[in-house]
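Engineer: To start, I am sharing the structure in question, which I have written as structure tokens.
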Amino acid sequence: MDIKSLIDKLYRTGGLSREEFCEVIGKRDRETEQYARDLACRVREKIYGNNIYIRGLIEFTSYCRNDCYYCGIRRSNHAAERYRLTEEDILNCCAQGYDLGFRTFVLQGGEDGFFTPEKMEKIIKSIKSRYPDCALTLSVGEKEEGTYRIYREAGADRYLLRHETADEAHYRMLHPEELSPEHRKDCLRTLKKLGFQTGAGFMVGSPGQTPETLAEDFFFLRELNPEMAGIGPFIAHKDTPFRQRPDGTLKDTLFYLALLRLMLPEVLLPATTALGTIHPQGRELGVLSGANVIMPNLSPVSVRGKYMLYDRKLSSGAEAAENLEELKHRMENIGCRIVTDRGDAAGWRRNPDKKSEVPEIQRNTI
Ligand code: SAH
């Protein structure tokens, strides 16, 4: 089959074989990339109209016990500046975000033992009792099932945990021995079981990534069927073992965003900060390739420069929550509009409790 037919097949049937994924990823050219991106854009419009959802990202701790080779806040990076926000700081961020129109807050951080399950429970309850109309997303890494349960019962609605790569050998190239791909995948399954709207995802162009490892990623995501998928280019950080490695590219990221939208039409798909970092119009191009979520930075200005996952990470301009007007204009320029409802995933909205009974959406009408 030619590449266009495979792209059509991905949308029509919701999947491809490993060989077919490898072929699409390895053999596409400019024309077929554009074809996939245009189709993905239409699928996004069909499901979500021209709505772009915003999330206020609060990076609340830069301490991390892990040592992922790609990440600027890995524990071995002694040059990294470490900080923790207090509960009061976090609530101030939420207050500011609420006034700006944010109805989802994302608490992201390193795996920081200071924030025990009890401390997190208290923070989650404080946020949810002050802002019952808002969704709360956590992104704090791998935990025991009991801890995830505490978060969920305290009121957290969503959880982001990128699987990073679904290929075992590739995972081992990106992480030290104590981290395992199976544990990370198990965490994702547990999060789903506990009723979190769950997000997985991977970096584009991470060292060692190949069409074969990417085919595994798409396969895994198809099986997991997450409500959210986060992908953005790998960007080297100067104080990590991967300092010399080339960054992931715009073109690859846009193409994989499109494939994700075609495979999982209802997924919430952010145009990430990393995409905005490698290209001034990265966010717009992401949306025009099927993305429908943007996560501006709502952390206190004083710490924004310290949550440095990679070099040059943006946190000003349209990346900054307080510059929402600029973001609104930029989205209007490409025919989209920022909306301020909670922005749950489409399938979730229809039926949060019995997702598996929801009929498959019609895939053949575009
Ligand atoms: N500790 C949390 C949050 C991690 S930071 C967790 O384990 O999930 C969020 C994401 O940033 C990571 O999942 C990773 O995919 C991405 N990231 C880290 N370093 C990066 C880099 N150098 N370039 C691009 N993205 C990176």
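Engineer: Would you pick out the residues in the range 133-162 that are more than 10 Å from the ligand (Cβ to nearest atom), of a type outside the set (Asp, Glu) and closer than 18 Å to ILE58 by Cα?
Structural biologist: Selection gives CYS134, ALA135, LEU136, THR137, TYR151, GLY155, ALA156, ARG158.
This table checks each residue for (1) away from the ligand (no atom under 16 Å from the Cβ); (2) over 30 Å from ALA346 (Cα atoms); (3) open to solvent by less than 10 Å² (accessible area, probe 1.4 Å).
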{"residue": "ILE58", "(1), (2), (3)": "no, no, yes"}
{"residue": "SER62", "(1), (2), (3)": "no, yes, yes"}
{"residue": "ASN66", "(1), (2), (3)": "no, yes, no"}
{"residue": "TYR70", "(1), (2), (3)": "no, yes, no"}
{"residue": "ASP89", "(1), (2), (3)": "yes, yes, no"}
{"residue": "GLN96", "(1), (2), (3)": "yes, no, no"}
{"residue": "PHE115", "(1), (2), (3)": "no, yes, no"}
{"residue": "SER126", "(1), (2), (3)": "yes, no, no"}
{"residue": "SER129", "(1), (2), (3)": "yes, no, no"}
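Engineer: Looking at ARG42, ARG37 in this structure, which one is touching a residue at least 60 places away in the same chain (Cβ under 8 Å), open to solvent by less than 60 Å² (accessible area, probe 1.4 Å) and within 22 Å of LEU250 (Cα to Cα)?
Structural biologist: None of the others qualify; the one that does is ARG37.
Engineer: Let me ask you something else. Looking at the structure I just gave you, is THR13 more than 20 Å from the chain's Cα centre (by Cα), over 29 Å from ASP344 (Cβ atoms) and open to solvent by 10 Å² or more (accessible area, probe 1.4 Å)?
Structural biologist: No, not satisfied.
Engineer: Same structure, new question: Of all residues in the range 234-251, count the ones that are within 12 Å of the ligand (Cβ to nearest atom), closer than 16 Å to PHE202 by Cα and of a type in the set (Lys, Arg).
Structural biologist: Summing the residues that are within 12 Å of the ligand (Cβ to nearest atom), closer than 16 Å to PHE202 by Cα and of a type in the set (Lys, Arg) in the range 234-251 gives 0.
Engineer: Going through the range 265-286 one residue at a time, which ones are under 14 Å from the mean Cα position of the chain (by Cα), of a type outside the set (Gly, Ala, Ser) and closer than 24 Å to ILE3 by Cβ?
Structural biologist: VAL267, LEU269, LEU275
Engineer: Residues that are more than 28 Å from GLU88 (Cβ to Cβ) and of a type outside the set (A, V, I, L, M, F, W, C): list the strands (runs of 3 or more DSSP E) wholly contained in the range 120-235 that include at least 1 such residues.
Structural biologist: Correct list: 197-204, 228-233.
Engineer: For ARG82, work out the one condition from (1) closer than 18 Å to SER315 by Cα; (2) in contact (Cβ under 8 Å) with a residue 60 or more places away in the chain; (3) assigned to a helix (DSSP H, G or I) it doesn't fulfil.
Structural biologist: (3)
Engineer: Right, next: Considering the range 131-176 alone, what residues qualify as being among the β-branched types (Val, Ile, Thr) and open to solvent by 10 Å² or more (accessible area, probe 1.4 Å)?
Structural biologist: Correct list: THR147, ILE150.
Engineer: Pull out all pairs, ordered by first then second residue, where Cβ-Cβ is under 7 Å, the residues are six or more apart or on different chains, the first lies in the range 294-323 and is in contact (Cβ under 8 Å) with a residue 60 or more places away in the chain, and the second is open to solvent by 50 Å² or more (accessible area, probe 1.4 Å) and assigned to a loop (DSSP other than H, G, I, E, B).
Structural biologist: LYS306/GLU81; ASP311/LYS238
Engineer: Does ARG304 satisfy being open to solvent by 10 Å² or more (accessible area, probe 1.4 Å) and either at negative phi or not small (Gly, Ala, Ser) (or both)?
Structural biologist: In short, yes.
Engineer: With respect to GLU20, determine if the residue is of a type in the set (Asp, Glu), within 29 Å of GLU216 (Cα to Cα), open to solvent by 40 Å² or more (accessible area, probe 1.4 Å) and in contact with a Lys or Arg (Cβ under 9 Å, 6 or more places away or on another chain).
Structural biologist: no
Engineer: Related question: Just to verify a result, which residue in the range 241-257, among those that are touching a residue at least 24 places away in the same chain (Cβ under 8 Å) and in a loop (DSSP other than H, G, I, E, B), is nearest to PRO176 (Cα to Cα)?
Structural biologist: This residue is PRO241.
Engineer: Could you check, for the range 258-272, whether at least one of its residues is open to solvent by less than 10 Å² (accessible area, probe 1.4 Å), within 16 Å of the ligand (Cβ to nearest atom) and assigned to a helix (DSSP H, G or I)?
Structural biologist: Checked against the condition, which is being open to solvent by less than 10 Å² (accessible area, probe 1.4 Å), within 16 Å of the ligand (Cβ to nearest atom) and assigned to a helix (DSSP H, G or I), the range 258-272 yields at least one hit.
Engineer: I want to confirm something. Restricting to the range 73-87 and keeping residues that are among the basic types (Lys, Arg) and open to solvent by 30 Å² or more (accessible area, probe 1.4 Å), which single residue is farthest from PHE114 (Cα to Cα)?
Structural biologist: Once the filter is applied, the top-ranked residue is ARG75.
Engineer: If ALA200 satisfies every condition in (1) on the phi < 0 side of the Ramachandran plot; (2) open to solvent by 10 Å² or more (accessible area, probe 1.4 Å); (3) in contact with a His (Cβ under 8 Å, 6 or more places away or on another chain); (4) within 13 Å of the ligand (Cβ to nearest atom) but one, which is the exception?
Structural biologist: Just one mismatch for ALA200, condition (2).
The values are calculated or read from the model by the stated rules, or taken from the named source; none is laboratory data. All values reported here derive from a predicted model rather than from experimental measurement. Here Cβ is always computed from backbone atoms with ideal geometry, including for glycine, and neighbour counts include all displayed protein chains. When the accessible area is computed, the model is the full protein with side chains, heavy atoms only, and any ligands, DNA or RNA have been set aside. Shrake-Rupley method; radii C 1.70, N 1.55, O 1.52, S 1.80 Å.
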